[in-house]
């Protein structure tokens, strides 16, 4: 079952201190604060995947970035049907923030432009280069390493 980013939000201290944020486990790190890094790393190595930005309408929390081919999504939970990611995320955030809704925005810029335009940390603003950590996380979820590539089997 998909777990939305709601339960992984960074504390105020983690938002202020990149080292505290970096010290979180990989799932927490890539769920909140570095989801965009994981999405770009995944899309760069998986043909047919683009990047989606879930941007809450108004000033509510719940921003999230993930990679998708339109059917399957990849983020902190690994492979998930995109429809499930969207449904669980919406349900969780609406319970916590009545009236919450978001825009599903395909991203067509480079990561630096995205970060600058959307108040996300650029790769250079992490205490260490984040790409190796992202690629290692992706590799751990690859077929043969305990992960499954649902694209090789039936569609959701």
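The values are calculated or read from the model by the stated rules, or taken from the named source; none is laboratory data. If you're wondering where the values come from, they're calculated on a predicted model, not measured in any experiment. Here Cβ is always computed from backbone atoms with ideal geometry, including for glycine, and neighbour counts include all displayed protein chains.
Find the residue count for segment 1-19, including only residues that are part of a helix (DSSP H, G or I), closer than 19 Å to residue 134 by Cβ and modelled with pLDDT of 95 or more. Break it down into steps so the answer makes sense when it comes.
In the first step, residues of segment 1-19 are kept if they are part of a helix (DSSP H, G or I); the result is 5-8, 12-16, 18-19.
Remaining after also requiring closer than 19 Å to residue 134 by Cβ: 5, 8, 14, 18-19.
The next check asks that each one be modelled with pLDDT of 95 or more; those that pass are 5, 8, 14, 19.
Count: 4.
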### Summary
Residue set 79, 40; condition in contact with a helix residue (DSSP H, G or I) (Cβ under 9 Å, 6 or more places away or on another chain) and at pLDDT below 95; output residue 79
### Summary
Conditions (1) without any contact (Cβ under 8 Å) to a residue 24 or more places away in the chain; (2) surrounded by 12 or more Cβ atoms within 10 Å (Cβ to Cβ); (3) assigned to a loop (DSSP other than H, G, I, E, B) -> residue 70 fails only (2)
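Among the residues of segment 20-38, count how many are in a helix (DSSP H, G or I), surrounded by 18 or more Cβ atoms within 10 Å (Cβ to Cβ) and free of Cβ contacts under 8 Å to residues at least 60 places away in the same chain.
Of the residues in that region, 4 qualify.
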### Query
Are any of the residues in segment 97-104 at pLDDT 95 or above and closer than 23 Å to residue 45 by Cα?
yes
### Query
Would you call residue 127 more than 17 Å from residue 8 (Cβ to Cβ), in contact with a helix residue (DSSP H, G or I) (Cβ under 8 Å, 6 or more places away or on another chain) and modelled with pLDDT of 95 or more?
yes
### Query
Which of the residues spanning segment 101-128 are more than 14 Å from the chain's Cα centre (by Cα), farther than 23 Å from residue 69 by Cα and either in contact (Cβ under 8 Å) with a residue 12 or more places away in the chain or assigned to a helix (DSSP H, G or I) (or both)?
116, 117, 123, 124, 125, 126, 127, 128
### Query
Considering only residues of segment 48-67 that are in contact with a strand residue (DSSP E or B) (Cβ under 6 Å, 6 or more places away or on another chain) and without any contact (Cβ under 8 Å) to a residue 40 or more places away in the chain, which is nearest to residue 6 (Cα to Cα)?
66
## Note on the structure
Of the residues in segment 130-156, those that are farther than 16 Å from residue 49 by Cβ, at pLDDT below 65 and in contact with a helix residue (DSSP H, G or I) (Cβ under 8 Å, 6 or more places away or on another chain) come to 145, 146
